[in-house]
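> One structure coming up, written as structure tokens, with questions to follow.
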């Protein structure tokens, strides 16, 4: 079978949100009197929900403190993007347009909350580019659990072998592989090539502009 649907991660795959996420996390840590983690450590949690990310950074953290950190982080992030708005990675618009012209269905599966995601997409005039979107608010188990991919395929009536998952983190790779889909990792986001390959990525690219070529290789 050939690829018919492309399932994109958002942060680090379509949009460059790293700097804003890291700064918002660090400011939240200072607010709570926690040890402030460095950039690489903070970036390693991109792709997790805000709650899961803080829990990964501070394994012994209490649920009560998480209840404080998550809204604080989100409000801090929202304030920071006023001065440093995230941008689409170079070539993203053209690739999405080319995929649409060739008849590929484009979807998103992200841990980002729905309000934030749609604010970005609406602001860029890109909401209509995607036929189906799942966010961290959709009550599905988080990556690397494959349920977001499985639900996407079930609701759109595609088989796993007709899907290509595209993401920048090992979590994305594992999600796609656990669902039986093809997976393309990207190195321009928040993880290294070797980490993506170790997680099982079928392909790894250095620019989103290389994605159509990957789809053609699969057939």
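> If I build a Gaussian network model for the chain, linking alpha-carbon pairs within less than 10 angstrom, which residue out of 162, 101, 40 has the largest mean-square fluctuation?
Looking only at 162, 101, 40, the largest GNM fluctuation is found for 101.
> Oh, and also: Could you please state, rounded to a whole Å, how far the C-alpha centre of segment 96-154 is from the C-alpha centre of segment 159-210?
Taking the Cα centre of each part, segment 96-154 and segment 159-210 sit 16 Å apart.
> Something else about it: Treat the count of other C-beta atoms within 10 Å as a stand-in for reagent exposure and order 203, 118 from fewest to most.
Arranged by neighbour count, lowest to highest, 203, 118 become 118, 203.
> Could you check which residue among 30, 106, 93 shows the biggest mean-square fluctuation in a GNM of the chain with a 10 Å Cα cutoff?
In the Gaussian network model the winner is 30.
> Angle check, please: helix 92-101 long axis (alpha carbons) against the longest principal axis of the chain (alpha carbons), in degrees 0 to 90, nearest 10.
Compared with the principal axis, the helix lies near 30 degrees.
> Arrange the peptides 20-26, 212-218 so that the one whose residues have, on average, the most other Cβ atoms within 10 Å appears first. Present the calculation step by step, with values, prior to reporting the outcome.
Details: 20-26: 20.9, 212-218: 14.7.
Packing proxy ranking, top to bottom: 20-26, 212-218.
> Based on the mean of other Cβ atoms within 10 Å per residue, sort peptides 188-198, 9-19 so the most packed one is first.
9-19, 188-198
> Another question, if that's okay. Give the relative contact order (percent, whole number) for the chain; include only Cα pairs under 8 Å separated by 6+ residues.
Once divided by the residue count of the chain, the mean separation gives 27 percent.
> Another one. Can you pull a Stokes-Einstein diffusion coefficient for the chain at 20 °C (1.002 mPa s), Rh from Kirkwood over Cα pairs, as a whole number of µm²/s? Write down the numbers at each step before the final one.
Values: Rh = 17.5 Å.
Approximately 122 µm²/s, per Stokes-Einstein.
> Give the Kirkwood hydrodynamic radius (Å, one decimal) of segment 1-118, defined as one over the mean of 1/r across all pairs of different Cα atoms.
15.6
> Can you tell me the 0 to 90 degree angle between the C-alpha axis of helix 147-156 and the longest principal axis of the chain, rounded to 10?
Value to nearest ten degrees: 40.
> If you take the square roots of the eigenvalues of the alpha-carbon gyration tensor of segment 18-80 and sort them as a ≥ b ≥ c, do you get rounded (a/c under 1.5), prolate (a/b over b/c) or oblate? Walk me through the numbers before you get to the answer.
On the way: a/c = 1.40, a/b = 1.16, b/c = 1.21.
It is rounded, given that a/c, with a ≥ b ≥ c, falls under 1.5.
Coordinate-derived values only; no laboratory data. Fair warning: this is a prediction, and the values are worked out from it, not measured in the lab. Using ideal geometry, Cβ is built from the backbone for each residue, glycine included, and neighbour counts are taken over all protein chains shown.
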